[in-house]
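The values are calculated or read from the model by the stated rules, or taken from the named source; none is laboratory data. As the structure is a prediction and not an experimental result, all values here were calculated from the model. Counting neighbours? That spans all protein chains shown, and the Cβs are built from the backbone with ideal geometry, glycine included. Surface areas here come from the heavy atoms of the whole protein model, side chains and all, with no ligands, DNA or RNA. Shrake-Rupley method; radii C 1.70, N 1.55, O 1.52, S 1.80 Å.
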Amino acid sequence: MIKLRLKRFGKKREPSYRIIAINNLARRDGRPLEELGFYNPRTDEVRLDVPGIVKRLQQGAQPTETVRSILVKANVFEQVSATTAS
């Protein structure tokens, strides 16, 4: 199963995360299938590849709880439902 989850990078005590699509059995910082965005919790900066995320969600990828909350704030799920209804 494909998951949308966070991959940690950055210095000690200054984490940043990439939002990635990865096999659910792979380790957290393993090789991703695709990088779909960026999240910095210290500054609340979020950059998303919305078309890529929508494509992965339509293919059945499951986001983790943290990624789901980031996507809800960015209204990505509304775009997923709009493209499936069309």
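Identification of helices (runs of 4 or more DSSP H) wholly contained in region 26-86 with 2 or more residues that are modelled with pLDDT under 95, under 20 Å from Met1 (Cβ atoms) and open to solvent by 90 Å² or more (accessible area, probe 1.4 Å) yields 50-58. Of all residues in region 10-23, those being open to solvent by 60 Å² or more (accessible area, probe 1.4 Å) and either without any contact (Cβ under 8 Å) to a residue 12 or more places away in the chain or within 14 Å of Gln62 (Cα to Cα) (or both) number 4. Looking across region 1-31, the residues that are within 20 Å of Glu45 (Cβ to Cβ) and under 15 Å from the mean Cα position of the chain (by Cα) come down to Leu4, Arg5, Leu6, Lys7, Arg8, Phe9, Ser16, Tyr17, Arg18, Ile19, Ile20.
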